[in-house]
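A.B. asks: Below is one structure. I have some questions about it.
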Amino acid sequence: MTHLTLYTTLGCHLCERLEALLDVLHGGEYRLHKVEISEDEALMQRYGVRIPVLVDETGEELDLGFEPQRLASWLAARGRLDEAAWRRLQAGEGDPGNGGYDTARTLARSGGRRYLG
């Protein structure tokens, strides 16, 4: 299982897109720990204009992960890209950006929360 951290804030639509893409493109199980940056001034300074920022277990960060190509490349470098899902996404099938994902499934996976704090 992969452990990832997402620096986010309430109402961040780009963060929601990254989560939806991650749900589609990540190969295998993962656990996503969400960190609400608005509750910590140091996090606001570091991530305020960069969110969403996805961080792997080694501390390597991905900015702009809501862009499918960037997220796919980042996951592939870690051996976690679902290649079949990536091909479908490239073919225009199931793009979370155009409503091609199951909102109920995504909310059930995240417990309906936008952040865990």
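The values are calculated or read from the model by the stated rules, or taken from the named source; none is laboratory data. Keep in mind the model is a prediction, meaning the values are calculated, not measured. Note that each Cβ is placed from the backbone with ideal geometry, even for glycine, and that neighbours are counted across all protein chains shown.
A.B. asks: Can you report the number of residues in segment 36-60 which are over 20 Å from residue 75 (Cβ atoms) and surrounded by 11 or more Cβ atoms within 10 Å (Cβ to Cβ)?
C.D. replies: Total meeting the criteria: 10.
A.B. asks: Here's another thing I want to ask about it. Could you check how many residues of segment 1-59 are in a loop (DSSP other than H, G, I, E, B) and aliphatic (A, V, I, L, M)?
C.D. replies: Of segment 1-59, the ones in a loop (DSSP other than H, G, I, E, B) are 1, 9-12, 27-29, 40, 48-52, 56-59.
Checking the rest, the ones that are also aliphatic (A, V, I, L, M) come to 1, 10, 49, 51.
Total meeting the criteria: 4.
A.B. asks: While we're on this one: Name the residues in segment 1-14 that are buried (at least 22 other Cβ atoms within 10 Å of the Cβ), free of Cβ contacts under 8 Å to residues at least 60 places away in the same chain and either of a type in the set (A, V, I, L, M, F, W, C) or more than 15 Å from residue 57 (Cα to Cα) (or both), would you?
C.D. replies: 6
A.B. asks: When you go through (1) in a helix (DSSP H, G or I); (2) modelled with pLDDT of 95 or more one by one for residue 97, which number turns out not to apply?
C.D. replies: Of (1) in a helix (DSSP H, G or I); (2) modelled with pLDDT of 95 or more, only one is false for residue 97: (2).
A.B. asks: Let me ask something else. Just name the residue that is surrounded by the fewest Cβ atoms within 10 Å (Cβ to Cβ) out of those in segment 70-92 that are touching a helix residue (DSSP H, G or I) at 6+ places or on another chain (Cβ under 9 Å) and more than 21 Å from residue 3 (Cα to Cα).
C.D. replies: So in segment 70-92, the residues touching a helix residue (DSSP H, G or I) at 6+ places or on another chain (Cβ under 9 Å) come out as 71-72, 75-76, 80-83, 85-86, 88-90, 92.
Those left that are additionally more than 21 Å from residue 3 (Cα to Cα): 88-90, 92.
On the way: 88: 16, 89: 22, 90: 12, 92: 9.
That would be 92.
A.B. asks: How about segment 31-50: which of its residues are of a type in the set (A, V, I, L, M, F, W, C) and at pLDDT 95 or above? So that I can check it myself, show each step before the final result.
C.D. replies: So the first thing to find is which residues in segment 31-50 are of a type in the set (A, V, I, L, M, F, W, C), and the list is 32, 35, 37, 42-44, 49.
Scanning segment 31-50 gives 32, 35, 37, 42, 43, 44.
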